[in-house]
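Any read-out appearing in this document is the output of simple, stated calculations on the displayed coordinates, not a laboratory observation. Bear in mind that the values here come from a model prediction, so they are computed numbers and not experimental data. All Cβ positions, glycine included, derive from the backbone under ideal geometry; neighbour counts span all protein chains shown.
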Amino acid sequence: METAISHFKEKGVNHFIFGDIYLSDVRSYREEKLRPYGIEVVEPLWDLSEQQVLSDFLESGIRAKIVVTQADILDRSFVGRTLDAGTVEDLPEGTDPLGEKGEYHTFAYAGGPLLCEVKFDIAEIKKISYDINLSDGSTKTYEYWQAVFAE
């Protein structure tokens, strides 16, 4: 993380922009970690309703595909799907429709502020796992389905 921050600081970056909506612990963590480097955390979607953010996204023309899912919440069939109203409708009950709790992550490849479409293909979908050391000293293993882009 320090290497990445240093890279951007050398380029004159003073702000990092995130798309969080309401997870105050995530925001606090980022602010705590970035403050010593003089980086200000900017959260333009903060405290907007999920419905407003979802509606704005769907109307924006931005095209995004789901490229990672938390395996215990969304199966591999969601990887590669376009994030649209139909996909949101297919999410299992209890899943945050915006993936705010890490249920899924997307790759925006066209529309909105992107001047041209980013061409890509998914070569395969693989299952990966990470052991995360928690603040209480315990370790938890998280498994994900992840798209591997073709070269």
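For the chain, the mean residue ellipticity at 222 nm estimated from helices alone is -7000 deg cm²/dmol, where every DSSP H run of n ≥ 4 contributes -39500 (n - 2.57) and the total is divided by all residues, rounded to the nearest 500.
Here the convex hull built on the C-alpha positions of the range 1-47 has a volume of 65 cubic angstrom per residue.
By the Kirkwood approach, averaging reciprocal distances over each pair of separate Cα atoms, the range 63-151 gets a hydrodynamic radius of 14.2 Å.
Measuring between alpha carbons in the structure, the pairs from Lys33/Lys126; Lys33/Lys127; Lys11/Lys119; Lys9/Lys119; Lys101/Lys127; Lys9/Lys126 lying more than 25 angstrom apart are Lys33/Lys126; Lys33/Lys127; Lys11/Lys119; Lys9/Lys119; Lys9/Lys126.
Net charge of the neighbourhood of Thr69, taken over other residues with C-beta under 13 Å away and scored Lys/Arg +1, Asp/Glu -1, is 0.
If you run the Gaussian network model on the chain, springs between alpha carbon atoms under 10 Å, then out of Lys119, Lys101, Lys65 the most flexible one is Lys119. If each Cα of the chain is one equal point scatterer, what is log10 of I(q)/I(0) from the Debye formula at q = 0.11, 0.14, 0.20 Å⁻¹? Listed by q, the Debye log ratios stand at -0.53, -0.89, -1.47. Considering only beta bridges that DSSP places wholly inside the chain, some 90 percent are antiparallel.
Specify the residue with the greatest mean-square fluctuation among Tyr37, Tyr104, Tyr22, computed from a Gaussian network of the chain linking alpha-carbon atoms under 10 Å apart. Taking springs between Cα atoms under 10 Å, the residue moving most is Tyr37.
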